[in-house]
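S.K.: Okay, here's the structure, questions in a sec.
The values are calculated or read from the model by the stated rules, or taken from the named source; none is laboratory data. On a predicted model such as this, the values are computed, not experimentally measured, just so you know. Quick reminder, even Gly has a Cβ in these numbers, built from the backbone with ideal geometry, and neighbours come from all protein chains shown.
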Amino acid sequence: MMKIISVPHATLRATAQPVTKLTDELWQLSTELPKTLLAQNNPPGVGLAAPQVNQSWRMFVTHVALDNDESAPSQMVLYINPVITKTSATPVLGPRAGEEVLEGCLSIPDLYGPVPRWSWVELEYQTVEGDKLVNRRMRASDFAARVIQHELDHLNGVLFTDYILQYDLPLFRGTSRSSKLIEIDRSVALGF
């Protein structure tokens with residue numbers, strides 16, 4: 001299992017480098033990212049980007065249901081060099097008007113907030129099959145699309161809290177041990 005870094009670590013603000021070939025180091029990273037994500041339980045995670053384990057490569061994994069059925073099993077997917085090619089017309093804060101989804105991040109413990117995201121995205125990416133990089137395309141919507149956008153932001157040095165400041169949105173503090181979130185002063189909390 002790899003160590004997840006936290007803000008204000010500089011790697012979290014850097015633009016990750018494209019993967020051009022599958023070296024032994026990158027193959028190892030592609031196998032360790034899923035293991036590290038699955039080991040998170042306080043809080044559990046649904047996505048993890050290479051920069052979050054101090055590896056500045058354009059790679060992340062998600063562990064979510066991809067077919068918009070909440071009862072469907074989660075699938076682990078590895079994305080290498082992902083690019084969003086098409087999006088919904090307007091970003092949303094949640095699945096329905098007045099229903100916000102609060103995002104959190106394994107690299108920013110105990111903070112949560114609403115983030116405007118496209119309700120669906122189409123993307124092109126690569127993944128590993130055997131010892132090769134292969135091209136893939138997919139469309140994700142709702143929660144899966146939100147997670148993909150969050151992890152893709154990590155590859156560009158963007159954190160969910162940047163949106164909180166940009167759009168003057170509320171920020172909440174809480175822990176995985178408590179279901180109660182408390183709104184906090186953004187200017188104090190985001191002083192990292």
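S.K.: Mind counting the residues in the range 92-114 that are surrounded by fewer than 11 Cβ atoms within 10 Å (Cβ to Cβ) and among the acidic types (Asp, Glu)? Steps first, answer last, please.
M.R.: First pass over the range 92-114, keeping only residues surrounded by fewer than 11 Cβ atoms within 10 Å (Cβ to Cβ): 96-99.
Okay, now just the ones that are also among the acidic types (Asp, Glu), so 99.
Matching residues across the range 92-114 total 1.
Condition check ((1) within 27 Å of residue 182 (Cβ to Cβ); (2) of a type in the set (S, T, N, Q); (3) assigned to a strand (DSSP E or B)) across all residues:
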residue	(1), (2), (3)
61	no, no, yes
66	no, no, no
77	no, no, yes
89	no, no, no
104	yes, no, yes
123	no, no, yes
126	no, yes, yes
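S.K.: Let me ask something else. Here are 165, 159: which of them is surrounded by fewer than 16 Cβ atoms within 10 Å (Cβ to Cβ) and touching a helix residue (DSSP H, G or I) at 6+ places or on another chain (Cβ under 8 Å)?
M.R.: 165
S.K.: Can you tell me which residue in the range 73-91 is nearest to the chain's Cα centre (by Cα), limited to those that are within 8 Å of residue 123 (Cβ to Cβ) and surrounded by fewer than 14 Cβ atoms within 10 Å (Cβ to Cβ)? Even if it seems obvious, please write down each step before you answer.
M.R.: Narrowing the range 73-91 to residues within 8 Å of residue 123 (Cβ to Cβ): 79, 82-85.
This time we only want the ones that are surrounded by fewer than 14 Cβ atoms within 10 Å (Cβ to Cβ), so: 83, 85.
On the way: 83: 14, 85: 18 Å.
Taking the candidates together, the pick is 83.
S.K.: Another one. With respect to residue 34, is the statement that it is more than 18 Å from residue 159 (Cα to Cα) and within 14 Å of the chain's Cα centre (by Cα) true?
M.R.: Working: more than 18 Å from residue 159 (Cα to Cα): yes; within 14 Å of the chain's Cα centre (by Cα): yes.
Spelling it out, residue 34 is indeed more than 18 Å from residue 159 (Cα to Cα) and within 14 Å of the chain's Cα centre (by Cα).
S.K.: Within the range 39-51, is there a residue that is farther than 25 Å from residue 170 by Cβ, touching an Asp or Glu at 6+ places or on another chain (Cβ under 9 Å) and in contact (Cβ under 8 Å) with a residue 12 or more places away in the chain?
M.R.: There is at least one residue in the range 39-51 that is farther than 25 Å from residue 170 by Cβ, touching an Asp or Glu at 6+ places or on another chain (Cβ under 9 Å) and in contact (Cβ under 8 Å) with a residue 12 or more places away in the chain.
S.K.: Got a number for residues in the range 134-148 being closer than 25 Å to residue 25 by Cα and buried (at least 19 other Cβ atoms within 10 Å of the Cβ)?
M.R.: Number satisfying all stated conditions: 1.
S.K.: Looking only at the range 1-42, which residues are under 15 Å from residue 81 (Cβ atoms) and buried (at least 16 other Cβ atoms within 10 Å of the Cβ)?
M.R.: The answer is 16, 19, 22, 26, 29, 30, 33.
S.K.: I would also like to ask the following. Write out, first by first residue and then by second, each pair whose Cβ atoms fall under 6 Å of each other, whose residues are 6+ apart or on separate chains, and whose first residue, in the range 171-192, is under 19 Å from residue 100 (Cα atoms) while the second is part of a loop (DSSP other than H, G, I, E, B) and at pLDDT below 85.
M.R.: Close Cβ pairs (under 6 Å, with a partner that is part of a loop (DSSP other than H, G, I, E, B) and at pLDDT below 85) amount to 176/42; 176/43.
S.K.: Being more than 11 Å from the chain's Cα centre (by Cα), buried (at least 19 other Cβ atoms within 10 Å of the Cβ) and either modelled with pLDDT under 95 or farther than 19 Å from residue 109 by Cβ (or both) is the filter here; which residues of the range 44-63 pass it?
M.R.: Once the filter is applied, which keeps residues that are more than 11 Å from the chain's Cα centre (by Cα), buried (at least 19 other Cβ atoms within 10 Å of the Cβ) and either modelled with pLDDT under 95 or farther than 19 Å from residue 109 by Cβ (or both), the range 44-63 yields 55, 57, 58.
Yes/no matrix, rows are residues, columns are (1) free of Cβ contacts under 8 Å to residues at least 40 places away in the same chain; (2) aliphatic (A, V, I, L, M):
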position: 73; (1), (2): yes, no
position: 76; (1), (2): no, yes
position: 92; (1), (2): yes, yes
position: 97; (1), (2): yes, yes
position: 113; (1), (2): no, no
position: 116; (1), (2): no, no
